[in-house]
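The values are calculated or read from the model by the stated rules, or taken from the named source; none is laboratory data. Not measured: the values here are computed from a predicted model. Using ideal geometry, Cβ is built from the backbone for each residue, glycine included, and neighbour counts are taken over all protein chains shown.
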Amino acid sequence: MMTYDELAELAAESREKQQQYKYCLRVCMAAGCLSQHSDSIKAALEDEVKAQGRDHEIQIKGVGCLGLCAAGPLVAVEPDNVLYEKVQAEDAPALIASIGKEPISELRCDEKMPFFSRQTKIVLENSGVIDPESLEDYLNADGYKGLYRVLTEMSPSEVIDEIMESGLRGRGGAGYPTGLKWATVAKASGDVKYVICNGDEGDPGAFMDRSVLESDPYRILEGMTIAGYAVGSNRGYVYVRAEYPLAIDRLKLALRQAKRNNLLGENILGTGFDFNLEIRLGAGAYVCGEETALMGSIEGHRGTPRPRPPYPADHGLWGQPTLINNVETYANIAPIIRNGSAWFSSIGTESSKGTKVFALAGQVKNTGLIEVPMGISLREIVEVIGGGTTGSGEFKAVQTGGPTGGCIPAEYLDVPVDYSSLTRLGSIMGSGGMIIMDKTSSMVDVAKYFMEFCKSESCGKCIPCRVGTAQMYGLLDKISKGQATMADLDLLEQLCDLVRNASLCGLGGSAPNPIMSTLKYFRSEYLEKIIDAPVLEPAAE
Amino acid sequence: MQKPVKLPSDDKRWRVVEATMRRNGYRPDALIETLHTVQESFGYLDNDALMFVSQALRVSPSQVFGVATFYHFFNLKPQGEHTCAVCLGTACYIKGANKIIEAIEEEYGIKSGETTPDDRLSLLTVRCVGACGLAPAVVFDNNVLGNESPDGMLETIRERLAEVPEGAAQ
């Protein structure tokens, strides 16, 4: 059996080994850069280090996401703090030769640019820094300190109090207070309780969870184990989409290593606490991101939601009390325990604490993954961190919250990003996908795209969603082809209201959001396409 | 634990499927996990496989079929030698992924979801592979290709199709 001291020794050994190197080259091995062949770049760098006889002083390390996917493949050089972008295998000889001398200016990415300097990293603190396949690396980044502290110094209720006081809210989209959820599950009566991690990141345009799982998988295991201890559960599941093979592989490896080192399983670190985790794969059903559908899927059924209440906290997986949180939520747990709730709640706004990870994509210069404090303005994200729109395109709208979110136009860019402000604008925080659109995007077309998505992803269980989304899609199609009348538009608006209020789960309940928000802010684009539209005064909205 | 059901054939791949079921104690909730293994091993789920899984896990055939058709990830038809899955996530859509699909459809005379008559290429669409930073993205034979264009993609497909299939004698 492994004790904490033995683990610390293991970590120290690996640290000493790494400290023998004078330089460390961190090569991004997350899905984005990998698709640009960063694995062969890493191999080329390794060969070159040997060829130039510098393998005693230069270490090549595969790490998780460095953030700026647009400039991938990325390579960071320590301790010089130099970042290289769009590195190719041919660059390896020159790159290695330059280590310890002048950096290569043609390949250099400005590491002081706002994209990097304006971020606040909690969830992504280890992303792009540690080797996601090395437990030692995670341990050396204060990994498992939180769990050890919880298991040896804190009672379950103290853990829950700490999370409650931190003000952390669910990062999956709805923003339910995490501490409150934990307390409810802890209080629920049942012989067996389950802890589930929702990694079914189905929102198109969102890749935060994928990056966290690929870049720092142990963080999720630690967060879930702490949660298990707090709510009195010994068994958990990580549900990950099958579309993320790399994330699954890294998670599997982390699970094996954690088990081998007594960080999962029976009698964790000799403290008497047992916690077992299994991975379950999704199979490409968007609705499985809904918690009751996800639990159905783990049980081996079709992923169809069921009415709530009863909530999973009372009646969840196999009828037992179940705690279900999102990947990013669990990723926040260990830092909160390590640094205290006061530290966490000092970041963010009054009602939304901490940071949020966003996936910046679409017509924006700096596409990639960012982590910003809650309360930052949309304008800062889009114009400063994102670097504005690409090419000559003029900014038109930012779409948040995935296919069931809304489009926010330029005039509301100064709104702070928190749960309530985005809801007031007719959008949602959602899981963190942020798609920037420029003037080339037609809003009717965008609404139609999202409705097509909701229509095909509707599970079919309740009629408002199954039939409503299909009818709304038909009407949007008609409008986009210039064949619709004002009566069609009226009907569309009525259907939005009906589907929103009568659907069983959040998918149907929020499916009309893209239509309603585009109708609210870009109504003229709809009217332009309608046959008998009244003549409009300019900018009527 | 129930007695294992006889394997459909001597094909070694069934052993892999059996291993997944055994690891999960032949519990009915292992259904999706098992179907994943079948698809990984055989490429798709045919009726024999579905019936076998149904008997081995004691889940009704209708439920097995229901699950297999509910989840988009499962294929009930064999795929072509190469698969080209164009991402239709929001970021890719905004950046013109549908133009890539149109180009391939036109060039090879197949619609999305179909396979060429010579079984060499299947065209699929996927909902976001999480490579939004590289939009538009295409997953060709399980490799993610980023920043694709219609012409560039057609070029890649031509190159890949021209390669001699693995194991083919010269």
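The table below lists the values:
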{"quantity": "Tally of residues being over 22 Å from A:V212 (Cα atoms), polar (S, T, N, Q) and surrounded by 15 or more Cβ atoms within 10 Å (Cβ to Cβ) across segment A:19-55", "calculated": "0"}
{"quantity": "Filter pass, A:P403 being surrounded by 20 or more Cβ atoms within 10 Å (Cβ to Cβ) and either of a type outside the set (S, T, Y) or at the interface with chain B (Cβ under 10 Å from one of its Cβ atoms) (or both)", "calculated": "yes"}
{"quantity": "Residues that are of a type in the set (V, I, T) and closer than 23 Å to A:K353 by Cβ, drawn from segment A:106-142", "calculated": "A:T120, A:I122, A:V123"}
{"quantity": "Which listed residue is surrounded by fewer than 18 Cβ atoms within 10 Å (Cβ to Cβ) and among the aliphatic types (A, V, I, L, M), from B:V16, B:V38", "calculated": "B:V16"}
{"quantity": "Within segment A:269-301, tally of residues that are without any contact (Cβ under 8 Å) to a residue 60 or more places away in the chain and more than 22 Å from B:E33 (Cα to Cα)", "calculated": "2"}
{"quantity": "In segment B:59-75, residue nearest to the other protein chains (Cβ to nearest Cβ) [restricted to those that are among the polar types (S, T, N, Q) and under 14 Å from B:H36 (Cα atoms)]", "calculated": "B:T69"}
{"quantity": "Check on A:S427, under 24 Å from A:A285 (Cα atoms) and touching a strand residue (DSSP E or B) at 6+ places or on another chain (Cβ under 6 Å)", "calculated": "yes"}
{"quantity": "Looking only at segment A:251-288, and only at residues there that are of a type in the set (K, R) and under 23 Å from A:N198 (Cβ atoms), the one that is farthest from the chain's Cα centre (by Cα)", "calculated": "A:K259"}
{"quantity": "Considering residues of segment B:59-91 that are more than 20 Å from the chain's Cα centre (by Cα) and modelled with pLDDT under 95 only, the residue farthest from A:A70 (Cα to Cα)", "calculated": "B:T90"}
{"quantity": "Top-ranked residue in segment A:379-391 [being under 11 Å from A:M434 (Cβ atoms) and within 14 Å of chain B (Cβ to nearest Cβ); ranked as surrounded by the most Cβ atoms within 10 Å (Cβ to Cβ)]", "calculated": "A:G386"}
{"quantity": "Those residues of segment B:76-109 which are in contact with a helix residue (DSSP H, G or I) (Cβ under 8 Å, 6 or more places away or on another chain), more than 13 Å from chain A (Cβ to nearest Cβ) and among the β-branched types (V, I, T), in sequence order", "calculated": "B:I100, B:I104"}
{"quantity": "Some residue of segment A:271-290 being more than 14 Å from chain B (Cβ to nearest Cβ), assigned to a loop (DSSP other than H, G, I, E, B) and of a type in the set (S, T, Y)", "calculated": "yes"}
{"quantity": "Cross-chain or 6+ apart pairs with Cβ under 8 Å, segment A:302-319 first and farther than 23 Å from A:A283 by Cβ, then among the small types (G, A, S) and in a loop (DSSP other than H, G, I, E, B)", "calculated": "A:A313/A:A188; A:D314/A:A188"}
{"quantity": "Every residue from segment A:338-381 that is of a type in the set (D, E) and in a loop (DSSP other than H, G, I, E, B)", "calculated": "A:E350"}
{"quantity": "Selection count where residues are in a helix (DSSP H, G or I) and in contact (Cβ under 8 Å) with a residue 12 or more places away in the chain, scope segment B:94-120", "calculated": "11"}
{"quantity": "Considering residues of segment A:186-205 that are part of a loop (DSSP other than H, G, I, E, B) and either within 7 Å of chain B (Cβ to nearest Cβ) or in contact with a Phe, Trp or Tyr (Cβ under 9 Å, 6 or more places away or on another chain) (or both) only, the residue nearest to A:Y449 (Cα to Cα)", "calculated": "A:P204"}
{"quantity": "Search result, residues across segment A:403-420 that are within 26 Å of A:F116 (Cβ to Cβ) and in contact with a Phe, Trp or Tyr (Cβ under 9 Å, 6 or more places away or on another chain)", "calculated": "A:I408, A:A410, A:L413, A:V417"}
{"quantity": "Meets criteria (crowded, with 22+ Cβ neighbours inside 10 Å, among the β-branched types (V, I, T), more than 14 Å from chain B (Cβ to nearest Cβ) and more than 18 Å from the chain's Cα centre (by Cα)) for A:I376", "calculated": "no"}
{"quantity": "Members of segment B:127-146 found to be surrounded by 16 or more Cβ atoms within 10 Å (Cβ to Cβ) and more than 7 Å from chain A (Cβ to nearest Cβ), listed by number", "calculated": "B:P136, B:A137, B:V138, B:V139, B:F140"}
{"quantity": "Scope segment A:230-251; condition buried (at least 24 other Cβ atoms within 10 Å of the Cβ) and among the hydroxyl-bearing types (S, T, Y); matching residues", "calculated": "A:S233, A:Y244"}
{"quantity": "Hey, A:S458 within 14 Å of chain B (Cβ to nearest Cβ) and crowded, with 19+ Cβ neighbours inside 10 Å or not", "calculated": "yes"}
{"quantity": "Subset tally (residues that are of a type in the set (A, V, I, L, M, F, W, C), part of a helix (DSSP H, G or I) and within 13 Å of another protein chain (Cβ to nearest Cβ)) for segment B:22-54", "calculated": "6"}
